[in-house]
Amino acid sequence: MSAPATVSSADASAESSGPNRLAATADLIIRSVGPIVLALIACGLILLIIGRDPIAFYGNIITAGLLRPSGLQDTITRMAPALLIAGGLVIVFRANLWNLGSDGQFLLAAATVAGTAPAILAALPVPIGWIVVLAIAMSVGAGWTLIPALLKARYGMNEIITTLMMAFIGIGVANLLVKGPFKGPTTVPQTQTIPTDLLLPVLAGTRIHVGVIIALVAIVSIYIVLTRTSFGTRLDVLGANPRAAAHVGINVPRVIVIAFMASGAMIGLAAAVDILGIFGYMRADWNPAYGLKVIPLVFLARLNALAIIPFAAFFGVISIGGESATRQAHLPSDFLLLLTGLILIFLVATQYFSEKRTRGEPILVRRQAKAASDL
């Protein structure tokens with residue numbers, strides 16, 4: 001996914017005209033919402049094939065994730081890590097870089113927070129302690145991207161391979177920390193539990209912690225940085241053409257390293273928010289695997305940080321409501337990963353056909369016409 005293309009002022013004025021603007025908006029909606037609708041339909045057909053009622057299944061998702069007050073609060077709370085991870089991925093994706101090691105960065109930061117927060121929060125005034133813990137989590141997440149970033153910046157190594165490699169190592173190291181130096185007094189391999197009064201405060205009359213506010217502020221800040229600063233411009237130029245970026249004087253290695261570390265910092269912050277806001281501890285082998293589930297949201301939002309917010313809300317409903325719906329339908333919880341995969345498939349298909357239509361090419365080429373052109 002390359003950086004969004006820029007348009008000239010003449011093109012912009014033309015696109016701002018009524019019909020063109022309406023067509024562009026319709027195309028954007030189709031490419032963003034269409035894959036979700038198609039994935040829901042396909043998933044419904046699969047449910048029918050295996051003998052489940054898709055209407056009842058989706059109804060249970062909406063009821064548990066949106067209509068029940070407790071479910072709605074859990075949905076909003078689940079948006080916090082999704083927004084922060086998606087915001088971190090937007091930063092690198094805008095530069096046409098791939099950070100696929102988010103699970104390792106998340107779990108390593110989560111283990112560090114769960115292992116060190118009890119002592120830090122007990123020794124410092126609570127607000128200062130929260131800031132210190134959040135900063136530690138961001139530093140851990142950013143630091144775990146440093147090796148892939150340097151290998152990409154200095155030697156041009158494929159960051160897909162290196163970030164995946166670091167993800168597996170990070171998951172393993174996180175488990176070792178929970179089972180070793182950070183293990184709590186219980187026989188179960190988990191960290192010490194953070195006292196309830198030291199966790200992030202909740203909004204009055206709800207279970208929604210302030211981490212949601214932190215995530216919203218972070219996503220708005222990312223949007224401003226990417227669209228209103230020179231750093232955002234450098235990311236876009238690098239994503240569009242690395243050679244052109246170097247030609248115009250952009251320090252490409254430096255931008256690559258900063259982009260990766262900023263991405264990891266947001267993912268580390270997501271881990272801290274989840275531990276300090278909800279769980280209060282971390283068990284060994286715990287892995288919510290947010291990274292894989294959040295990637296489709298980033299591309300559905302067309303790498304626009306603000307547009308991630310409604311898709312993160314959709315993620316929250318599907319995540320919270322889906323847990324209840326799969327139990328009632330006697331399906332494994334991993335069934336929701338099928339929906340994620342279908343969204344990715346239809347996202348690619350929608351993008352392909354949309355680009356062909358934009359270029360004026362026929363969507364389906366008849367074999368007779370192709371044979372004639374070959375002659």
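Among the residues in the stretch 241-253, are any polar (S, T, N, Q) and in a helix (DSSP H, G or I)? No; the residues of the stretch 241-253 include none that is polar (S, T, N, Q) and in a helix (DSSP H, G or I).
Yes or no, residue by residue, for (1) open to solvent by 50 Å² or more (accessible area, probe 1.4 Å); (2) in contact with a helix residue (DSSP H, G or I) (Cβ under 9 Å, 6 or more places away or on another chain); (3) under 19 Å from Thr326 (Cα atoms):
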| position | (1), (2), (3) |
| --- | --- |
| Asp27 | no, yes, no |
| Val33 | yes, yes, no |
| Ala42 | no, yes, yes |
| Ile55 | yes, yes, yes |
| Asn60 | no, yes, yes |
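For Asp285, the requirement of being open to solvent by 20 Å² or more (accessible area, probe 1.4 Å) and farther than 30 Å from Asp334 by Cβ is not met. Might you let me know whether the stretch 26-49 holds any residue that is outside any helix (DSSP H, G or I), of a type in the set (Lys, Arg), at pLDDT 75 or above and farther than 30 Å from Gly205 by Cα? Checking the stretch 26-49: not a single residue is outside any helix (DSSP H, G or I), of a type in the set (Lys, Arg), at pLDDT 75 or above and farther than 30 Å from Gly205 by Cα.
Residue-wise test of (1) modelled with pLDDT under 95; (2) touching a Pro at 6+ places or on another chain (Cβ under 8 Å); (3) hydrophobic (A, V, I, L, M, F, W, C); (4) surrounded by fewer than 18 Cβ atoms within 10 Å (Cβ to Cβ).
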| residue | (1), (2), (3), (4) |
| --- | --- |
| Ala244 | yes, no, yes, yes |
| Val248 | yes, no, yes, yes |
| Val255 | no, no, yes, no |
| Ser263 | no, no, no, no |
| Ala270 | no, yes, yes, no |
| Ile275 | no, no, yes, no |
| Leu297 | yes, no, yes, no |
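Any residue in the stretch 201-216 that is more than 19 Å from the chain's Cα centre (by Cα) and among the polar types (S, T, N, Q)? Taking every residue of the stretch 201-216 in turn, at least one turns out to be more than 19 Å from the chain's Cα centre (by Cα) and among the polar types (S, T, N, Q). Residues that are open to solvent by 10 Å² or more (accessible area, probe 1.4 Å), farther than 22 Å from Ala142 by Cβ, small (Gly, Ala, Ser) and in contact with a Leu (Cβ under 8 Å, 6 or more places away or on another chain): does the stretch 314-333 have at least one? The answer is yes, given that some residue of the stretch 314-333 is open to solvent by 10 Å² or more (accessible area, probe 1.4 Å), farther than 22 Å from Ala142 by Cβ, small (Gly, Ala, Ser) and in contact with a Leu (Cβ under 8 Å, 6 or more places away or on another chain). A single entry from Ala149, Ala153, Ala123 fulfils the requirement of being open to solvent by 50 Å² or more (accessible area, probe 1.4 Å), hydrophobic (A, V, I, L, M, F, W, C) and either touching a His at 6+ places or on another chain (Cβ under 7 Å) or more than 18 Å from Ala110 (Cβ to Cβ) (or both): Ala123. None of Gly87, Gly71 is under 14 Å from the mean Cα position of the chain (by Cα) and part of a helix (DSSP H, G or I) except Gly87.
Criterion first (under 24 Å from Ser319 (Cα atoms) and in contact with a strand residue (DSSP E or B) (Cβ under 6 Å, 6 or more places away or on another chain)) does Ala64 satisfy it? Against the criterion (under 24 Å from Ser319 (Cα atoms) and in contact with a strand residue (DSSP E or B) (Cβ under 6 Å, 6 or more places away or on another chain)), Ala64 does not qualify.
Candidates are the residues of the stretch 285-342 that are of a type in the set (Phe, Trp, Tyr) and within 30 Å of Lys183 (Cβ to Cβ); the one that is nearest to the chain's Cα centre (by Cα) is Tyr290. If you filter the stretch 276-320 down to residues that are outside any loop (DSSP other than H, G, I, E, B) and among the basic types (Lys, Arg), you find that the one that is nearest to Leu338 (Cα to Cα) is Lys293. Regarding Val217, is this residue surrounded by 15 or more Cβ atoms within 10 Å (Cβ to Cβ) and modelled with pLDDT of 95 or more? Here the answer is no, as Val217 does not meet what is asked. Residues in the stretch 180-189: is at least one within 26 Å of the chain's Cα centre (by Cα) and open to solvent by less than 50 Å² (accessible area, probe 1.4 Å)? Within the stretch 180-189, none of the residues are within 26 Å of the chain's Cα centre (by Cα) and open to solvent by less than 50 Å² (accessible area, probe 1.4 Å). Within the stretch 143-176, the set of residues being more than 21 Å from the chain's Cα centre (by Cα) and among the aromatic types (Phe, Trp, Tyr) comprises Tyr155 only. For the stretch 93-120, residues that are within 16 Å of Tyr290 (Cβ to Cβ), part of a helix (DSSP H, G or I) and open to solvent by 20 Å² or more (accessible area, probe 1.4 Å) total 1.
Yes or no: the stretch 255-266 includes at least one residue that is under 27 Å from Ile36 (Cβ atoms) and under 19 Å from the mean Cα position of the chain (by Cα). Looking for residues that are under 27 Å from Ile36 (Cβ atoms) and under 19 Å from the mean Cα position of the chain (by Cα), one finds at least one in the stretch 255-266, hence yes. Scanning the stretch 222-244 for residues that are over 23 Å from Leu269 (Cα atoms) and among the hydroxyl-bearing types (Ser, Thr, Tyr) turns up Ser230, Thr233.
The values are calculated or read from the model by the stated rules, or taken from the named source; none is laboratory data. These figures come from a predicted structure and were not determined experimentally. Glycine gets a Cβ as well: all are built from the backbone with ideal geometry, and neighbour counts include every protein chain shown. Note: accessible area is taken over every heavy atom of the protein model, side chains too, but ligands, DNA and RNA are not part of it. Shrake-Rupley method; radii C 1.70, N 1.55, O 1.52, S 1.80 Å.
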